[in-house]
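Everything below concerns the one structure shown next.
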Protein chains: 2
Amino acid sequence: MSQQNQIVLKLREMILSGLLRPGERVAEIPVADHLGVSRTPVRYALGVLAREGLVVPSSNGRGFVVREFTIKDIHDAIEVRGALEGMAARLLAQRGISPEAEAGLRACLADGQRVVGKGRLVPGDGVAWATLNERFHDLIVGGSENRPLIHALRINDQVPFSSAKAFLDDITDPVMTRRQYDILLMAHMQHGLIVKALVSGDGARAEALVREHSYAAFENITLFRSAIYPLLAKEAAG
Amino acid sequence: MSQQNQIVLKLREMILSGLLRPGERVAEIPVADHLGVSRTPVRYALGVLAREGLVVPSSNGRGFVVREFTIKDIHDAIEVRGALEGMAARLLAQRGISPEAEAGLRACLADGQRVVGKGRLVPGDGVAWATLNERFHDLIVGGSENRPLIHALRINDQVPFSSAKAFLDDITDPVMTRRQYDILLMAHMQHGLIVKALVSGDGARAEALVREHSYAAFENITLFRSAIYPLLAKEAAG
DNA sequence: GCAGGGCCCATTGTATACAATAGCAGGAGC
DNA sequence: GCTCCTGCTATTGTATACAATGGGCCCTGC
């Protein structure tokens, strides 16, 4: 991989991990020195991140600052995702789902059954779920065969914690594990209903189900608020 | 304005005007020579356009080619816009529209009445409509106060001819002028209904109306197909 | 004559020098 | 003492030199 793409990844991770605080200035020279490269790839990376919305132009027009996400941004982005994924599901159902896509979705259901079938969560289940969940959503979105829609969702997923593959690590507290299990079980059952609607060609129901399903992400955010809050803008983190 | 932004504008116009053909390779050095600048601002501009989706990485991984839009892309992007603007209208209606926003929308209605009230189109009406139409849509989208939604729409509008401010020049053929008048009258009446739904707080109706309203763009495309088709990918232009 | 390998060239990736610009601080004048 | 102007400095904008890379073409050997 080219160096400049590595810089993009590093910078993005520095922001998403909270190493660079929201509102903090990001100048080219300090970053370049810190990473041991010249300004050129750093400039490139900042351009990429600016387009993604992770950094925004500084008020004085000199350079960038780390974007201050609010909890409202996350909610809003999830709502946008619900609308777009719902639309994708409707398109897919209307056109008729292909046998391959149906098989892929059913494989996700089987994987999901393995996670929730035990009646409780064990270490590794969080990652397993995140993986199958991303596949599930990608199949629906890709199945829409609507490039602008796919593109819009990819952009929207740049808002931290709003995407279907958002942070969903394992947690240890027993009470929270139980709560997370409940959320995943609900999501799993929704997955099943969504597949049913898609296969039967019921576009309206598929759209409604997917839109509702996106709100499961809200629950995850509540669960992981302690990990998320340091990354938010001050006025929203209180 | 900085030079690199001017380069972005120039390159974007070269693509959207068809000067650079779909599928055509865009290398840094020829472009830099042609515009009389160094490769640096050209590299910047290409990065911007790539993230906008107007150019895509070349298959061999060297440089970019002009993106080949299809008529389906335009339709798809308009459908995405309908979904997102519809959502914006619903949010705005649910929260309750501010007096200022309502006044702005009514001003657009008044401008629209001036265009269609004559019972026919005269030179300049096309531009006048495009201006008020953009204002109308921006008021609704901005009124949603949903940043990710606004962002998604801005990205989506990069697809040529899909945005609310899309190409709508004056045409001379009498029959086509008549047809365009009909389309604008319908759109104008839809605008009126949308404002009514927004003011009365009927989110569901506002969403449905805006979504339906977006399809007016399809009609415009049909009207201007001769201007649009040279910009499309070969397989879709037949 | 065809296939394989190596060299050359076209093009992008990276570093760095220099230019331009805007903010800030310090001094001078009122 | 306050204000305005000027010069400095920090930072980004631009140009260019050089490195790296991958593909195409030619040459050679079979």
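The values are calculated or read from the model by the stated rules, or taken from the named source; none is laboratory data. What you see is a predicted model, and the numbers here were worked out from it, not measured in a lab. Neighbour counts run over all protein chains shown; Cβ positions are idealised from the backbone, glycine included. Quick note on the areas: whole protein, heavy atoms, side chains included, nothing else; ligands and nucleic acids left out. Shrake-Rupley method; radii C 1.70, N 1.55, O 1.52, S 1.80 Å.
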Suppose every K and R has +1 on its Cβ and every D and E has -1 on its Cβ; what is the size of the dipole of segment B:129-215 about the Cα centre, in Debye to the nearest 20?
140 debye
Computed over segment B:1-130, protein heavy atoms only, probe 1.4 angstrom, the accessible area per residue in square angstrom equals 47 Å²
Starting from a label point 7 Å past Cα on the Cβ side, list the distances from B:Thr222 to the same position in the other copies, nm, shortest first.
4.8
Give me the compactness ratio for segment A:3-66, meaning the Cα radius of gyration over 2.2 N^0.38 Å.
0.98
Run the 1.4 Å probe and let me know the accessible area of A:Glu100, rounded to the nearest 10 Å².
130 Å²
Accessible heavy-atom area order of B:His34, B:His151, highest first, probe of 1.4 Å
B:His34, B:His151
Just from its helices, what would the mean residue ellipticity at 222 nm be for chain B, if runs of 4 or more DSSP H residues each count -39500 (n - 2.57) and the sum is divided by every residue, rounded to the nearest 500 deg cm²/dmol?
-22000 deg cm²/dmol
Per GNM of chain A with C-alpha springs under 10 angstrom, the most fluctuating residue out of A:Asn60, A:Asn133, A:Asn156 is A:Asn60
Step through the residues of segment A:64-73 one at a time and calculate ³J(HN,Hα) from phi using the Karplus curve (6.51 cos²θ - 1.76 cosθ + 1.60, θ = phi - 60°), rounding each to whole Hz and writing x for Gly and Pro.
10, 10, 5, 5, 9, 7, 10, 4, 5, 4
For segment B:71-237, compute the orientation-averaged projected area of the C-alpha convex hull (one quarter of its surface), in nm².
9.1 nm²
Against the rule of thumb 2.2 N^0.38 Å, how large the Cα Rg of the protein assembly as shown comes out:
1.04
In the B-A interface, the accessible area buried, summed over both sides, Å² (probe 1.4 Å):
2400 Å²
Restricting segment B:1-83 to GluC sites (Glu not before Pro) in coil, as DSSP defines it, with at most 11 other Cβ within 10 Å:
none
Relative contact order of chain B, pairs being alpha-carbon contacts under 8 Å that are 6 or more residues apart, as %:
28 percent
Given springs between every Cα pair under 10 Å in a Gaussian network model of chain B, which of B:Gly82, B:Gly124, B:Gly53 has the largest fluctuation?
B:Gly124
Of B:Ser98, B:Leu223, B:Gly126, farthest towards positive along the dipole that unit charges on Lys, Arg, Asp, Glu beta carbons give segment B:71-237
B:Ser98
Counting pairs on different chains as well as pairs 8 or more places apart, how many Lys pairs in segment A:71-237 have Cα atoms under 29 Å apart?
6
